[in-house]
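The values are calculated or read from the model by the stated rules, or taken from the named source; none is laboratory data. Keep in mind the model is a prediction, meaning the values are calculated, not measured. Every residue, glycine among them, receives a Cβ derived from its backbone with ideal geometry; neighbour counts consider all protein chains shown. Only protein heavy atoms, including side chains, enter the accessible area calculation; ligands, DNA and RNA are left aside. Shrake-Rupley method; radii C 1.70, N 1.55, O 1.52, S 1.80 Å.
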Amino acid sequence: MRLSPNLRCFFNFASSPQSIILLLFYAFSPSAAAQSCGSQGVAVQVLGSGGPELQDRRASSSYLLWEDGQAKAVIDAGGGSALRFGESGAQMSQPDVLLFSHLHVDHSADFAALIKSSWFEDRNRPLPIYGPPGNDFMPATTEFVYDLFGDKGAYGYLSELLVPKEQGSYKIQPHNVTASSTPVPVFHNESFAVSAVRVIHGGVPALAWRIETRGKVIVFSGDTNGEGEGLPRLAMNADLFIAHNAVPEGTTGIERRLHMPPSVIGQIAADAHVKNLVLSHRMLRTLGKEAETEAEIRKRYSGPLTFANDLDCFPLK
Ligand SMILES: [Zn+2]
């Protein structure tokens, strides 16, 4: 249980036994962790601001789109993010869609935990799932989901979630999204529209996602080395651009083939005229280098910039 800085501070001033009892009640009751992100209007909440390293003490990549108190979309589900999902106050009965940027462990490991929780949350409508196609190296999104929840899958005991002929549960509906550097519409309903481009993340099939809702645009870079025209196109005029700060400036070799350094993030944010930049997917190699990272980005982009932490909430006003 983490106490918020406010609560910690308040503790120092609490003197009467009643106030201490009251504080302990709020500090240790599960509802104390419930957040109020997105209770009105549109907001994005960072469930996981870290990368794959557990020592960063952050959940791995995951984000929620909130609309009027409902968690409408889940973007990635890296390790640790299912716990943050619960802490956010979201319910798995709420999302209209789940989007994967790619299927690396730090973007998908808690997917099964989210689905299992939905079993207990009275979900009674299908859950569409979109992610990249596969290649020789990685499974397609449909294959990934079947490998987990198909009748021969690792969690085949839950196959009624997926196998059409099996009764008793709502269905998860996986789809592969073949995208290029031109944004392709993927999903829409009465409240929001989702499009994607393919991004370069070494040899791993990967997507960046754009969500448009109530005149606001939110773009998630996912993991990418920043090459190509797709991401700046997708991010054009975004109200919120969440970019992955996985490597410091000057990185070379495989890390650079997978990830974009701050100079590239700054260039894309500037080229796309984004109105707000949030840096997430923070790793041990970038944590502690925020000043250098910001200085590098500032050479190209002058708008608002925030380094994300788990459960941070970004309302779109
Ligand atoms: Zn990653």
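Structure data summary
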{"read-out": "Residues that are part of a helix (DSSP H, G or I) and more than 23 Å from Val186 (Cα to Cα), drawn from the stretch 150-162", "value": "Gly156, Tyr157, Leu158, Ser159, Glu160"}
{"read-out": "Criterion (on the phi > 0 side of the Ramachandran plot and under 16 Å from the mean Cα position of the chain (by Cα)) met by exactly one of Gly78, Gly38, Gly69", "value": "Gly38"}
{"read-out": "Residues of the stretch 85-118 satisfying the condition of being charged (D, E, K, R) and either open to solvent by less than 30 Å² (accessible area, probe 1.4 Å) or within 14 Å of the ligand (Cβ to nearest atom) (or both)", "value": "Asp96, Asp106, Asp110"}
{"read-out": "The listed residue being at pLDDT 95 or above and either crowded, with 18+ Cβ neighbours inside 10 Å or more than 24 Å from Ala206 (Cβ to Cβ) (or both), out of Ser169, Ser159, Ser180", "value": "Ser159"}
{"read-out": "Which listed residue, of Pro315, Pro304, Pro248, is of a type outside the set (A, V, I, L, M) and more than 20 Å from Val46 (Cα to Cα)", "value": "Pro248"}
{"read-out": "Criterion violated by Ala243 - all others in (1) away from the ligand (no atom under 16 Å from the Cβ); (2) within 19 Å of Lys299 (Cα to Cα); (3) outside any loop (DSSP other than H, G, I, E, B) satisfied", "value": "(1)"}
{"read-out": "Filter result for Leu284 (outside any helix (DSSP H, G or I), under 16 Å from Ser60 (Cβ atoms) and open to solvent by 70 Å² or more (accessible area, probe 1.4 Å))", "value": "yes"}
{"read-out": "Single condition Gly226 does not satisfy, out of (1) assigned to a loop (DSSP other than H, G, I, E, B); (2) within 15 Å of the ligand (Cβ to nearest atom); (3) touching a residue at least 60 places away in the same chain (Cβ under 8 Å)", "value": "(3)"}
{"read-out": "Residue check for His102: within 13 Å of the chain's Cα centre (by Cα), assigned to a helix (DSSP H, G or I), at pLDDT 95 or above and closer than 23 Å to Asn176 by Cβ", "value": "no"}
{"read-out": "Filtered residues of the stretch 190-219 (kept if open to solvent by 10 Å² or more (accessible area, probe 1.4 Å) and in a strand (DSSP E or B))", "value": "Ala193, Ser195, Arg198, Gly203, Arg210, Glu212, Lys216, Val217"}
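A quick yes/no check of all residues on (1) more than 30 Å from Lys317 (Cα to Cα); (2) open to solvent by 50 Å² or more (accessible area, probe 1.4 Å); (3) free of Cβ contacts under 8 Å to residues at least 12 places away in the same chain:
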residue: Phe120; (1), (2), (3): yes, yes, yes
residue: Pro133; (1), (2), (3): yes, no, no
residue: Gly150; (1), (2), (3): yes, no, no
residue: Phe187; (1), (2), (3): no, no, no
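Residue-wise test of (1) touching a residue at least 60 places away in the same chain (Cβ under 8 Å); (2) polar (S, T, N, Q).
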| site | (1), (2) |
| --- | --- |
| His244 | yes, no |
| Gly253 | no, no |
| Leu277 | no, no |
| Thr286 | no, yes |
| Arg300 | no, no |
| Phe314 | yes, no |
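This table checks each residue for (1) part of a helix (DSSP H, G or I); (2) at pLDDT below 95.
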position: Gln91; (1), (2): no, no
position: Gly134; (1), (2): no, no
position: Thr142; (1), (2): yes, no
position: Pro164; (1), (2): no, yes
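Every residue, every condition in (1) in a loop (DSSP other than H, G, I, E, B); (2) of a type in the set (D, E, K, R); (3) surrounded by fewer than 24 Cβ atoms within 10 Å (Cβ to Cβ), yes or no:
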site: Arg257; (1), (2), (3): no, yes, yes
site: Ile265; (1), (2), (3): no, no, no
site: Lys275; (1), (2), (3): yes, yes, yes
site: Gly288; (1), (2), (3): yes, no, yes
site: Glu292; (1), (2), (3): no, yes, yes
